Amino acid sequence: AMMDETTPLQLSSSPPDSEGYRSLSDHEDGTARERSNSSVSISNHKGTIGMIGSISIAVNSLTGPAMLNLPNVFQTSGLIPTVFTIAFLCILSTLCSLHMADTISKIPRNAHFHQDIEYSEAFRYFWGKKAFVFTQIAFFCCISCLNVASIVDTAQVVDQILSRFSGGAVAFEWGKGGWEIIRWAAHNCTGERLKNGACIPFEADTNANPWMLTTGYLLSGMMFLPMSLMDLKENTVFQVVGFVVLIVISLQFVVSFLMNGIDFSNVSMWGEDWSDMFGVILFNFAVVIVVPAWLYERKPDVNVHSALTNSSLIGFVLYILVGGLGALTMPNVADNMLQSMMSGAFGKITEVCSMVFAFFIIGLGIPLFSVLTRLNLTGSGLCTRGQANILAIYFPWGTAWLLYSGGRTTALLGWGGIFFTSIVVFIAPLALSLYVVCTSPNQGSVAVYRSYLQEKKHQQLALLVLLGASIIAIVLAVISEFR
């Protein structure tokens, strides 16, 4: 029968803490593995996500809230460091995703991904319960940061839309006198502020530390929270629509940037501040978080290597075109580039496209991130679906409004990218893959390097290099944050 989200993976007929479910590092003579191999439960599940759906899901995970910060990163960190970092992390993220897929395929009787192996479940099988708990916490924090940032960015754009109507956007603000109703209208902004991208909804002094609950936030919740309660298969249709809209609108943005004129004085070659560069860009390459769930739901004829590499290439091109050209066009781009583009200074078409972009790209990332978090919590039997919904859906929506103003989402992306994304997307998958290559006799079904590096010693060396490069990048990011 088809496994649902609340059905834990059964690698053995023994309970999870018994000898039959011990990790490969615990057994002494291989008998535990043999017992586990002989009792693996194989599902009759057949995936339904084709190549287009696969690329759509992967690219949409790459073009999340951090993409909106790229023009600002280009301006503050410089052209050369930003392009180099994007290219480096794109290659690194792709290889991490391929290695993670290959590692999951090495679980006995899972060469064709017929078992529902979620992210943390792979770590439990090879490394045991402690690794399972640790990766569950890191995975939850990583995607929660992405989800919260997506919610805030979407709410701010909806407030931009509402500010065009009579009366402007409305918010409930907590001040010294308690809760107050405030309004914000776009027509109050001068033409210069519109052009510079400084016309931001309910812009407030960061030091004032205000808490706001806006109408844009409430409307975003009414639209995207119900989608978060769906399954990954049900969300695929929305992801394909979002992908098509992403390509079309990105092309419109590029044309708009070129028509409005490029000013190379807006972006220096080396920049002035690298503090948020690594963290924000790290957030863009979190595609590995979708890999375990996608492997189980994809159609058997979808090539894993082609889907992941093509998705990364599309993401890389979009980052350079939209992020780089946006930075060269807008003199003082906002942290969220859509706030600058929705100001009307770039024409009515770009203004409307920015609104659509927020709904179809950033907004649709919210249910995707929520579903992935729920799958990781329920796939191993750690939580029931109801409990997982509280943690994966209601918790982000219940707390994201606290970060609405004062540029807090940029700080969240910076530090969240370093501490959580670096572990979940880079360090943990590479470390696990290196361990499995060294210890497991099973042959994986994913050709990470195509026809190259086929020997085990070559793969070990490649993984050591990748792991070392990841650690260096993360150390540089930490150092930059303290500058």
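Taking the criterion of being charged (D, E, K, R) and loosely packed, with under 14 Cβ neighbours inside 10 Å, would at least one residue in region 280-297 satisfy it? I'd like the intermediate steps shown before the answer.
Step one: filter region 280-297 for residues charged (D, E, K, R), giving 297.
If we keep only those that are loosely packed, with under 14 Cβ neighbours inside 10 Å as well, we get none.
No, because not a single residue in region 280-297 is charged (D, E, K, R) and loosely packed, with under 14 Cβ neighbours inside 10 Å.
From L229, L225, which residue is modelled with pLDDT of 80 or more, surrounded by fewer than 17 Cβ atoms within 10 Å (Cβ to Cβ) and not polar (S, T, N, Q)?
Working: L225 fails: surrounded by fewer than 17 Cβ atoms within 10 Å (Cβ to Cβ).
Sole residue among the options that is modelled with pLDDT of 80 or more, surrounded by fewer than 17 Cβ atoms within 10 Å (Cβ to Cβ) and not polar (S, T, N, Q): L229.
Any residue at all in region 354-364 that is closer than 15 Å to D159 by Cβ and open to solvent by 10 Å² or more (accessible area, probe 1.4 Å)?
The answer is yes, given that some residue of region 354-364 is closer than 15 Å to D159 by Cβ and open to solvent by 10 Å² or more (accessible area, probe 1.4 Å).
Hey, can you tell me all the residues within region 259-290 that are at pLDDT below 80, in a loop (DSSP other than H, G, I, E, B) and of a type in the set (S, T, N, Q)?
S275, the sole residue that qualifies.
Could you tell me which of the residues G379, G414, G347 is open to solvent by less than 10 Å² (accessible area, probe 1.4 Å), more than 26 Å from D276 (Cα to Cα), at pLDDT below 85 and out of contact with any Lys or Arg (no Cβ under 7 Å at 6 or more places or on another chain)?
Only one candidate passes the filter, namely G379.
Of the residues that make up region 114-128, is at least one surrounded by fewer than 24 Cβ atoms within 10 Å (Cβ to Cβ), touching a residue at least 40 places away in the same chain (Cβ under 8 Å) and in contact with a strand residue (DSSP E or B) (Cβ under 8 Å, 6 or more places away or on another chain)?
no
Yes or no: V255 open to solvent by 10 Å² or more (accessible area, probe 1.4 Å), at pLDDT 90 or above and not in a loop (DSSP other than H, G, I, E, B)?
Yes, satisfied.
So which residues in region 261-274 are open to solvent by 60 Å² or more (accessible area, probe 1.4 Å) and closer than 9 Å to M330 by Cα?
We begin by selecting, within region 261-274, every residue open to solvent by 60 Å² or more (accessible area, probe 1.4 Å); these are 262-265, 269-270, 272-274.
Of everything in region 261-274, those that are open to solvent by 60 Å² or more (accessible area, probe 1.4 Å) and closer than 9 Å to M330 by Cα turn out to be I262, D263.
Determine the pairs where a residue that is in contact (Cβ under 8 Å) with a residue 12 or more places away in the chain, located within region 442-453, has a partner that is surrounded by 15 or more Cβ atoms within 10 Å (Cβ to Cβ) and of a type in the set (D, E) with Cβ atoms under 7 Å apart, the partner being 6 or more residues away or on another chain.
Every condition considered, the pairs that remain are G444/D102; V446/D102; V448/D102.
If you check P396 against the conditions, is it open to solvent by less than 20 Å² (accessible area, probe 1.4 Å) and within 22 Å of M51 (Cα to Cα)?
Considered against the rule, which asks whether it is open to solvent by less than 20 Å² (accessible area, probe 1.4 Å) and within 22 Å of M51 (Cα to Cα), P396 comes out as no.
Just checking: which of the helices (runs of 4 or more DSSP H) contained wholly in region 315-360 hold 2 or more residues that are more than 21 Å from V244 (Cβ to Cβ)? Can you show your working first?
Values: elements: 325-329, 337-341, 348-357.
Qualifying helices (runs of 4 or more DSSP H): 325-329, 337-341.
A quick yes/no check of all residues on (1) open to solvent by 10 Å² or more (accessible area, probe 1.4 Å); (2) modelled with pLDDT of 75 or more; (3) in a helix (DSSP H, G or I):
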{"residue": "S150", "(1), (2), (3)": "no, yes, yes"}
{"residue": "V157", "(1), (2), (3)": "no, yes, yes"}
{"residue": "G167", "(1), (2), (3)": "yes, no, no"}
{"residue": "F172", "(1), (2), (3)": "yes, yes, no"}
{"residue": "I181", "(1), (2), (3)": "yes, yes, no"}
{"residue": "R193", "(1), (2), (3)": "yes, no, yes"}
{"residue": "A204", "(1), (2), (3)": "yes, no, no"}
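I'd like to verify a number: residues in region 298-312 that are touching a helix residue (DSSP H, G or I) at 6+ places or on another chain (Cβ under 7 Å) and either open to solvent by 10 Å² or more (accessible area, probe 1.4 Å) or part of a helix (DSSP H, G or I) (or both), how many? It would help to see each step written out before you state the result.
Step one: filter region 298-312 for residues touching a helix residue (DSSP H, G or I) at 6+ places or on another chain (Cβ under 7 Å), giving 298, 302, 304-305, 307-312.
From what is left, the residues that are either open to solvent by 10 Å² or more (accessible area, probe 1.4 Å) or part of a helix (DSSP H, G or I) (or both) are 298, 304-305, 307-312.
Of the residues in that region, 9 qualify.
Kindly provide the set of residues from region 437-449 that are at pLDDT below 90 and open to solvent by 60 Å² or more (accessible area, probe 1.4 Å), ordered by number.
P441, Q443
The values are calculated or read from the model by the stated rules, or taken from the named source; none is laboratory data. Just so you know, these numbers come straight off a predicted model, no measurement behind them. Glycine also receives a Cβ, built like all others from the backbone with ideal geometry; neighbour counts cover every protein chain displayed. Just so you know, the surface numbers come from the protein's heavy atoms only, side chains and all, with ligands and any DNA or RNA stripped out. Shrake-Rupley method; radii C 1.70, N 1.55, O 1.52, S 1.80 Å.
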